[in-house]
Each structure stands twice: as C-alpha cells, then as structure tokens.
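**Student:** Before I ask anything, let me first share the structure, which is written out below as structure tokens.
Read-outs throughout are calculated quantities, based only on the coordinates presented, and are distinct from any laboratory measurement. None of these values were measured; they are calculated from a predicted model. Backbone-built Cβ (ideal geometry, glycine too); neighbour counts: all protein chains shown.
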Amino acid sequence: MSSIQPLLLRLSKSQPPKFLTNFSHFNQSLSTTSSSPFDTQFNAESPTNLGPYDSTQDPAKITATQLSNCSNLSELNQIYAHILRTQLLDLYPAPFHWNNIIRSYTRRDAPSKALCVYVAMSRAGVLPDSYTLPIILKAVCQLFATEIGRQLHSVAIRLGLESNEYCESGFINLYSKAGEFENAHKVFEQNRERKLGSWNAIIGGLSQGGRAKEAIEMFAELRKCGFLPDDVTLVSVISACGSLGDLGLALQLHKCAFQAKPIEKPDILMLNSLVDMYGKCGRMDLAYKVFSRMEQRNVSSWTSMIVGYAMHGHVDEALECFQCMREAGVMPNHVTFVGVLSACVHGGAVQEGKRYFHTMKNVYGIMPQLQHYGCMVDLLGRAGLFEEAREMIEGMPMKANSVVWGCLMGACEKYGNVKMGEWVAKHLRELEPWNDGVYVVLSNIYASRGLWKEVERVREVMKHRSLAKIPGYSLAASS
C-alpha cells in the first residue's frame, strides 16, 4: 500500500490539472454547507421517499439509496455534503461507498467532481478496486485527461487489475480517444484471455477514431477467434462500414446483425446505425426500408434519414422527412438542423434556409454552431448574396474556420466578385499561410474580370513563395 499511495496522491499534487485545482475548495465548501434536507434524514421522513427513519436501518444503506435515487447535480452535492459532515466514509471506508459517489457524479456529467472524490478516496488511504477504475476512467475520458489515465493504468498494474475485463476495456477506450492507438493495441494484445468487452473497446475506438478499415479487420479477427458479436460490436462495425461506403460489406453486416439476434428484435441503436450506414453508402431506398419498419424512432432515426437525403441531394425528401419528424412530436437536435440546412444548400432554397435557421434558434432554442453558420454562408454565397454572407460571418459568436471562408471563396470565384474575394483571401491567408490554393482561386477571379496585371502579381507571389520553400531531398541520395 505504501508504494501505491504516493502515486495516488500525485493526482492532487505537482501541478494538478485545472479541474483538480479546486479539489480542497470543493470538499470544504460542501462540508460547511448549511443544513440540507438530507441532514434530517435520520429523524424525519426522507426527501427521497424512503419513508420514516428506522433506527435499525444502516446509515450506509440509506445513503446508497439516496445516491441511486438522486435526480440532479444539486441534490447530489447535498448528499455528498451530508456524507462529509457526518464523516460517514470514516465509519464505512470500503471502496463500495466511494464508488457509489464517483459513479453518481459521472452519471450526472460532472467528471471533474468525480475525480475530486477519487482524490479524496486516495488521500483517505482507500485503494481502488475493480469497480472503481472503470468508473473513474469514464470521467477521465470525458475530460480527455490522458496523463491521469496513465497514472491510473500504473495503479491498475500494481494492484493486478490491468487484465480485469472492465479495467482493460476502459484503458483501451482511454488511449483510443486520445488517438494513441499503438498504446490501445498494446493493452489489447497483452491479455490472451481477453473477453468480448475488450474486443468491443478496440473496434469501437478504431471506428470512432477514423480507422474504419482497421476496425473491420479487427471484427474479422474477432470472428476467427470464435467470438459472437453483440449489439455494441455490430454498431461500431456498421458505423465503420458507413465511413467506407462499402455497400457489399454493408449488406453482409446487415445479415450478420440479424443472425446475432435471431429471436430478439434489434434495438433502436442498431437500427439507427443501419439507417446511417445505408445513407452513407448512397442507398437511401434501403435506409428507408429499415427506417419504415422500425417500431420506435428517436431523434437519431429521423436525423440519419434527413442527413442521408441531404448528403445525396434529395432536397424535397429531406425537408419532407423533417416535417414528418415535427408532426411525430420528435424534438430535433443540432445535427438534425445541419442536415436540414445542408439540404437547403443543395437545393438553393435560400428563403427556406433562413426560415429553418431562425426556427432552430427561436422555436427550439438550439444555439447555432459553426456547422450551421457554415451552411448559411454557403447557401447565401451560392445565391450571390455576398453582403448577407458577410454579415453572417461578422455576426458569428465564434471565429470562422477555413471551411466557412472556403465556401465563400468558391462563391466569389463563381460570380467573379473581386472585392469580396480579396477580403476572403486575406482571412484565408491568415488562417492557412501555407495553403497556395487561395492564390490560385484569387488568380482565377482576377482572370474572369480581365484584370491581367493582378493575375501576374498573384503569380509572382506564388513563384516567390515556391522559391522560399525548403526544397525536398531524397534520403537515399543523401546517404
């Protein structure tokens, strides 16, 4: 224990991450909070519907029930404050009770507070068990706190928990999300008696990390090793297949999905992934066939159809699908509106695009993100409404990226708009000074207006930039 304890304590020492710098303040503020309803739990009726206090009831069980019934973060803070004030964890130091608190904060999307509780656990001298690590790893992944994840990995090795199915899959997931696929593979390969959870973690990590082909190859390896895929496996593989746009593989995976659950009905997540996959493969007829047979549809089901239609230029179908979604009483999300606005861009539906953009904000309370502004700039630019596009960019609450500027630059080339093209080119050069593409487009804009002196000037700039670059050389020749 003495060899592990310093490592655990390091989580709150030696330049701790920003989300742990307020660790002491967090615990102290809770422990000194004024009396809450939970402080009267032991002599009055419970606020969590536990009924009148029974003097024979274990306080730890009462607290565990409160944690499981907790419905929001404020209530959870009150429960934890009561635990701190009554020093309940000193009386019941088992990891089980700490795990309940950490799990509750993770479920309430408060990963930094979950980590603070873990630090308190380590300071109290309580070692994590096979349940603690998978829970706290979820918090670490939510915060992308890779360095803390590495320390937890060291702790797991010292405690002999690195090969535990849930710990192992947690570390694979951590390294995959951090883009450290080599480390994820090392964790996966070190255990020859790995369970399905570890296979799912590596396949899911590769799929979500943009390594679709590797995810498919790993799935094939899983089958060779005699494992039967479950819903989690298939959703990841189907997603990878959609990224590849391989229709032949898509049909095989669809068959595999129903073979995996011949009696039970596929769940909604599985069916949504099939709809999304067929949409990305360009087969909206097959996507609709899956969609139409679904007994239940959620926002992801409708959004996959809308985005699929929009992606392939089926404007009327996308907008009609959105209308049906609204009539069905399903609330759209920000991804739904990316699909709707993309459909408007493909169809040149300027007025509809403006209306949907305002509907998103004013009716559904969804604040536009960069993708939504990008769609609107693209829509206005393609219609030649340059001043409106400029106002849209200048009114954005965030800085435009190269994609947004690139859309407007393309519109400037289409219409030969010199003044706007020069303005856009200035911003693109600031964002991507290494990119010569902006000079090529600007030269084309000048040429379309017969401004040959400006064309020559741009070509001279490009020539000078080319000479200024460090020339490449062959390693073989230099040796």
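**Student:** If we sort 65-77, 309-321 on the protection proxy, mean other Cβ atoms within 10 Å, highest first, what's the order? Don't skip to the answer; put the middle values down first.
**Tutor:** Values: 65-77: 16.1, 309-321: 19.3.
By packing density, highest mean first, the sequence is 309-321, 65-77.
**Student:** While we're on this one: Charges only on Cβ, +1 for Lys and Arg, -1 for Asp and Glu: so what's the dipole of segment 398-464 about the Cα centre, in debye to the nearest 20? Before the final figure, lay out the partial values.
**Tutor:** Numbers: 10 positive and 8 negative charges, 30 e Å.
Around 140 debye, computed over segment 398-464.
**Student:** Give me the orientation-averaged projected area of the Cα convex hull of segment 263-324, in nm², one decimal. Could you put the intermediate results ahead of the total?
**Tutor:** On the way: hull surface 15.6 nm².
Here the figure is 3.9 nm², rounded to one decimal.
**Student:** Right, next: What are the ³J(HN,Hα) values, in whole Hz, obtained from phi via the Karplus relation 6.51 cos²θ - 1.76 cosθ + 1.60 with θ = phi - 60°, for each residue of segment 58-72 in sequence order, with x given for Gly and Pro?
**Tutor:** In residue order, the calculated couplings are 6, x, 5, 5, 4, 5, 4, 5, 4, 5, 5, 8, 4, 10, 8 Hz.
**Student:** Among all the aspartates and glutamates, which ones have a C-alpha under 12 Å from LYS138's C-alpha, if same-chain residues fewer than 8 places away are not counted?
**Tutor:** ASP109
**Student:** Follow-up question, since we're still on this one. Could you give each residue of segment 350-362 its phi-based ³J(HN,Hα) in whole Hz, using Karplus coefficients 6.51, -1.76, 1.60 with θ = phi - 60°, and x for Gly or Pro?
**Tutor:** 5, 5, 5, x, 4, 5, 5, 4, 6, 4, 4, 6, 7
**Student:** For each pair in LYS186/LYS280; LYS399/LYS426; LYS113/LYS361, compute the distance between the two Cα atoms and list the pairs where it is over 26 Å. List each step's numbers first, then the result.
**Tutor:** Details: LYS186/LYS280 32 Å; LYS399/LYS426 14 Å; LYS113/LYS361 32 Å.
Listed pairs above 26 Å: LYS186/LYS280; LYS113/LYS361.
**Student:** Which aspartates and glutamates have a Cα less than 12 Å from the Cα of LYS419, not counting those fewer than 8 places away in the same chain?
**Tutor:** Candidates past the 8-residue exclusion: GLU387.
**Student:** Give me LYS463, LYS113 sorted ascending by neighbouring Cβ count inside 10 Å, so fewest comes first.
**Tutor:** Details: LYS463 10, LYS113 25.
Placing the least packed residue first, the sequence is LYS463, LYS113.
**Student:** Sticking with this one: Using a cut-off of 17 Å between alpha-carbon atoms, which aspartates and glutamates can reach LYS289, once sequence neighbours fewer than 8 places away in the same chain are excluded?
**Tutor:** Result set, ordered by chain and number: ASP267, ASP276, GLU317, GLU320.
**Student:** Okay, next question. Using θ = phi - 60° and the Karplus form 6.51 cos²θ - 1.76 cosθ + 1.60, what ³J(HN,Hα) does each residue of segment 370-381 get, whole Hz, x for Gly and Pro?
**Tutor:** Karplus values, whole Hz, x for Gly and Pro: 4, 5, 5, 5, x, 4, 5, 4, 4, 4, 5, x.
**Student:** Place a point 7 Å from the Cα of GLN369 along the Cα-to-Cβ direction; which residues of segment 423-466 have their backbone N under 12 Å from it?
**Tutor:** none
**Student:** If neighbour count is taken as other Cβ atoms inside 10 Å, put LEU274, LEU91 in order from fewest to most. Working shown, then result.
**Tutor:** Values: LEU274 28, LEU91 10.
Ranking LEU274, LEU91 by Cβ neighbours within 10 Å, fewest first, gives LEU91, LEU274.
**Student:** Rounded to whole Å and sorted largest first, what semi-axes of the equivalent ellipsoid does the C-alpha gyration tensor of segment 102-188 yield via the square root of 5 times each eigenvalue? Before the final figure, lay out each step's value.
**Tutor:** Values: eigenvalues 76, 47, 21 Å².
One finds semi-axes of 19, 15, 10 Å for segment 102-188.
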